[in-house]
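Below you'll find the structure, written out as structure tokens, and then a few comments.
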Amino acid sequence: MLQHRPNTTVVLAMSADGKIADFRRSPARFGSKVDKAHLEKQIAAADAVLFGAGTLSAYGTTLTVTDPTLVQHRVQEGKPPQPVHIVITSSANLNPEIRFFKQPVRRWLLTTTAGALSWKGRLQTLASTLGTEEQKCPPEFEQILVFETPTREIDILAALKHLAIIHITRLVILGGGELVASLLALDLIDELWLTICPLILGGNTAPTPVEGKGFLPDLAPKLQLIEVHTVEQEVFLHYRLQRPVD
């Protein structure tokens, strides 16, 4: 297993036929209150969460830790009430007016050089249309992290190594499928929590937990089932990625 990076856990809810959203890519709100509490618990245990621009665009918000017990536990461990929320996007084609930028969380942007310039340009455009009072609190990221490969794509491995250096040891991945596929292809996923919800969405264009080009059976990532439990009509599956023993 690669060293010097955070432990990474994918947390996703999906339909019984393996879809994380419908064919319109609407916000996936088909999970129960139990599933939402499960997701919040996973987020509360993390130092940071990572999600793609498509996921952010679909919801317009991120999930914060609201359970007082979870918040108190974080504070007792010397952590801030909320983990860092990191948006990963090459283009940074984000709407600066969505509610995400008003939520009480620390926001970071992981992008390319071009994406960083694009985002700053969007802020300048927005500022020129706002009144003086609104300009005092512009939507912004606390940090803009730029890590690029020679082909000007995001260097995810370099970014994760940087996160480890700044003491982010537990990272939760909230989607979407393209991000999960990229991380799996680089062997950068350690665990998965998948909630199976009792509905069928169908649709050959509906997104799945892992998008991308896919894997052939001989090269597909192999999983070890750690635990499984059922709450009413939902099944919670906890997997660990299998890796060769040195």
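The values are calculated or read from the model by the stated rules, or taken from the named source; none is laboratory data. A quick note: this is a predicted structure, and the numbers were derived from the prediction, not measured. Cβ sites come from the backbone with ideal geometry, for glycine too, and all protein chains shown count toward neighbours. Side chains included, ligands, DNA and RNA excluded: accessible areas come from the protein's heavy atoms. Shrake-Rupley method; radii C 1.70, N 1.55, O 1.52, S 1.80 Å.
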Given a Förster distance of 22 Å, report the FRET efficiency between VAL75 and ILE226 from their Cβ-Cβ distance, rounded to the nearest 0.05. 0.20
Which of rounded, prolate or oblate describes segment 37-174 when judged by the alpha-carbon gyration tensor and an a/c cut-off of 1.5? oblate
Label points 7 Å out from Cα along the Cβ direction at ALA158 and HIS4: separation in nm? 1.4 nm
Which one, ILE189, GLY212, ALA159, is farthest towards the positive end of the dipole of segment 151-246 when Lys and Arg carry +1 and Asp and Glu -1 on their Cβ? ALA159
Name the most mobile residue of PRO104, PRO198, PRO80, meaning the one with the largest mean-square fluctuation, in a Gaussian network model of the chain with Cα contacts below 10 Å. PRO104
Pop a pseudo-label 7 angstrom from the Cα along the beta-carbon direction at both THR113 and THR151 and give the gap in nm to one decimal. 1.8 nm
For the chain, set up a Gaussian network in which alpha carbons nearer than 10 Å are linked by springs, and say which option among LEU184, LEU145, LEU225 fluctuates the most. LEU225
Residue-averaged [θ]222 nm for the chain, counting only DSSP H segments that reach four residues, each worth -39500 (n - 2.57): -8000 deg cm²/dmol
Of (i) 19.1; (ii) 17.8; (iii) 18.6, which one was derived for Kirkwood radius over Cα pairs in Å from the structure shown? (i)
Amide proton proximity set for ILE88, modelled H, under 5 Å, gap of 5+: PHE51, GLY52, ALA53, LEU110
Cα-Cα over 28 Å: which of LYS36/LYS102; LYS19/LYS41; LYS33/LYS102; LYS36/LYS213; LYS33/LYS213? LYS36/LYS213; LYS33/LYS213
Find the Cα radius of gyration of segment 1-82, compare it with 2.2 N^0.38 Å by division, and give the number to two decimals. 1.24
From the phi angles alone, apply the Karplus equation (6.51, -1.76, 1.60; θ = phi - 60°) to segment 72-86 and give each ³J(HN,Hα) in whole Hz, x where the residue is Gly or Pro. 4, 5, 4, 5, 5, 7, x, 9, x, x, 10, x, 6, 10, 10
Apply the a/c threshold of 1.5 to the C-alpha gyration tensor of segment 157-243 and tell me whether it is rounded, prolate or oblate. prolate
Contour minus end-to-end for LYS41 and GLN233, with contour as 0.36 nm per residue of separation and end-to-end as the Cα-Cα distance? 67.2 nm
I'd like the carbon and sulfur percentage of the solvent accessible area for the chain, probe radius 1.4 Å, heavy atoms only, ligands and nucleic acids excluded. 55 percent
Listed residues ILE189, ILE226, ILE168; largest mean-square fluctuation, Gaussian network over the chain with Cα springs below 10 Å, found at ILE226
Quick one, what does Rg over Rh come out to for segment 204-244 if you take C-alpha atoms and the Kirkwood Rh? 1.06
